[in-house]
1. Say we look at region 362-415 and pick out the residues that are touching a Ser or Thr at 6+ places or on another chain (Cβ under 8 Å) and in a loop (DSSP other than H, G, I, E, B); which of these is nearest to ILE278 (Cα to Cα)?
2. If we scan region 180-192, do we find a residue that is part of a helix (DSSP H, G or I), buried (at least 16 other Cβ atoms within 10 Å of the Cβ) and modelled with pLDDT under 95?
3. Can you list residue pairs whose Cβ atoms sit under 7 Å apart, with the first residue in region 99-118 being of a type in the set (A, V, I, L, M) and the second being open to solvent by 80 Å² or more (accessible area, probe 1.4 Å)? Count only pairs 6 or more apart in sequence or on different chains.
4. Could you give me the residue pairs with C-beta distances under 6 Å whose first residue belongs to region 327-348 and is over 15 Å from ILE315 (Cβ atoms), whose second residue is charged (D, E, K, R) and surrounded by fewer than 19 Cβ atoms within 10 Å (Cβ to Cβ) wherever it lies, and which are 6+ apart or on separate chains?
5. Across region 318-334, what is the total count of residues that are buried (at least 20 other Cβ atoms within 10 Å of the Cβ) and not in a helix (DSSP H, G or I)?
6. Look through ILE278, ILE273, ILE288, ILE315 and report the one residue that is surrounded by 23 or more Cβ atoms within 10 Å (Cβ to Cβ) and of a type in the set (Val, Ile, Thr).
7. Go through region 193-204 and count every residue that is open to solvent by less than 40 Å² (accessible area, probe 1.4 Å) and part of a helix (DSSP H, G or I).
8. Just to be sure before I move on: is SER354 crowded, with 18+ Cβ neighbours inside 10 Å, among the small types (Gly, Ala, Ser) and modelled with pLDDT of 95 or more in the structure I sent?
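The values are calculated or read from the model by the stated rules, or taken from the named source; none is laboratory data. All figures in this text were calculated on a predicted structure; none of them were measured in a lab. Methodologically, a virtual Cβ is constructed for each residue, glycine included, from the backbone with ideal geometry; neighbour enumeration extends over all protein chains shown. Calculation scope for accessible area: heavy atoms of the full protein, side chains included, ligands and nucleic acids excluded. Shrake-Rupley method; radii C 1.70, N 1.55, O 1.52, S 1.80 Å.
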Amino acid sequence: MQYLPSPPFYLLISIMTKRSRQTLDQDDSLCCCEYIDRHGGRSHLAACCCDCEDLDDACDRWMKKQPQNPDSLSRVMATFTDRLRVPWISGARQVDISVIPPLILLPVFLHIAALHYLLGILVLTAVPVLVLWYYYFTHRKKGRTLFFLSLALFSLFYMFYLFITEVVPRGGVNHLQLAAVTVGVALTVIFLVITKRGPGYVRPCPTDTHSTVTYHKPPPDIDADLNGAQHHVVTASGEQTGESGTAQQGVQRRNWCAVCKVVRPPRAGHCRICGVCILRLDHHCVWINSCVGQANHRNFLLTLTFFLLTSLYGISLVLRSVCSDQNVMTALFYCPDVYNQFSSALCFTCAWYSCIVTGALLHLLLLQLINVSFNVTEREARLALREKTGRSLLWGLIIDTGVYSRGFRSNWIEFLTMSKASE
């Protein structure tokens, strides 16, 4: 009797899982642990570690010492991210893998930095460098990521948590100061949620689209001229003749978005990351994972303002508690014996981390206020620098295009009173 060699164990798991699948109707309700995978099939969280053909193929090639496919790793990662889910009422919800690193790395880095001042210098220097590197890496690929939004929110809540558990028990913070910090954190989150509702999208206008044409052919034995058959021609709605019509058509061709199939109004732009056209597009902000446009620009500035005020006030309270013998302005640079106790060192390290984040967002807010004062968006400023059509002042902090500016007061009135949708 001749025995055939048995297949590898992981292939048996794959075969058994495939045979055990039942073809269910997609309209059936999902339980809390079920979901529709990226291939359109119905799957379960319990099967997250098996039935991965891409992983099976990669392992098989590795065992046979064959070269791997160029996209095998990307397919395995796509399957892994597709199966990274949490149970939910209407079906398992997918968790973006970019949310996880800040939740783990930020507390670890801050606790390491609190061990010694040299480690603190190393960590507080490396963290901004890594964040900037990841920003330019994702910005070059024009991909969306929740890493920066997760880092911003977790930094806010983690700093507030340490403030409650480490600073308040020291006794240097009264109830009014604690209430002020709490209200500041709450207002920051509220205006962030409002900002995330939408930047204002360019909607298709019926007058800018082409009419639908139906051709009616006469019977073959009757002359078309005698029959009076109508031959419709495809024309754009709102077509004008003359020099004004030609100029308007030229503007429409220049403002036509081939991706969204819409004619963009003045100052609107297409975001390649979000894939949509935004009214009065300013920029795509990675910290909120959304565009800043006509509908949410004011709320975006309010979010930055409340965050900066809360952060500066919280930093001052932490330094007064940890370095009570020093002035607030000098305690950040000279606080003797702060590393003798781990709790004090951790609060001091978090104060430095908050100062770095506050400095970066303060620079962003300053640029936003300058742009509003000159009635120019960040997108228009970049285009003016690229095409050399604007004036650069104060080492690039001020970019004056001279197109929409009507004076400081009129520019701010226009910004504060602009509608959230196109007129």
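1. Checked region 362-415; the qualifying residue nearest to ILE278 (Cα to Cα) is VAL376.
2. No, the conditions are met nowhere in region 180-192.
3. Close Cβ pairs satisfying both conditions: ALA114/PHE342.
4. SER343/GLU166
5. 1
6. Details: ILE273 fails: surrounded by 23 or more Cβ atoms within 10 Å (Cβ to Cβ); ILE288 fails: surrounded by 23 or more Cβ atoms within 10 Å (Cβ to Cβ); ILE315 fails: surrounded by 23 or more Cβ atoms within 10 Å (Cβ to Cβ).
Residue meeting the stated conditions: ILE278.
7. 1
8. Working: crowded, with 18+ Cβ neighbours inside 10 Å: yes; among the small types (Gly, Ala, Ser): yes; modelled with pLDDT of 95 or more: yes.
For SER354, the condition - crowded, with 18+ Cβ neighbours inside 10 Å, among the small types (Gly, Ala, Ser) and modelled with pLDDT of 95 or more - is met.
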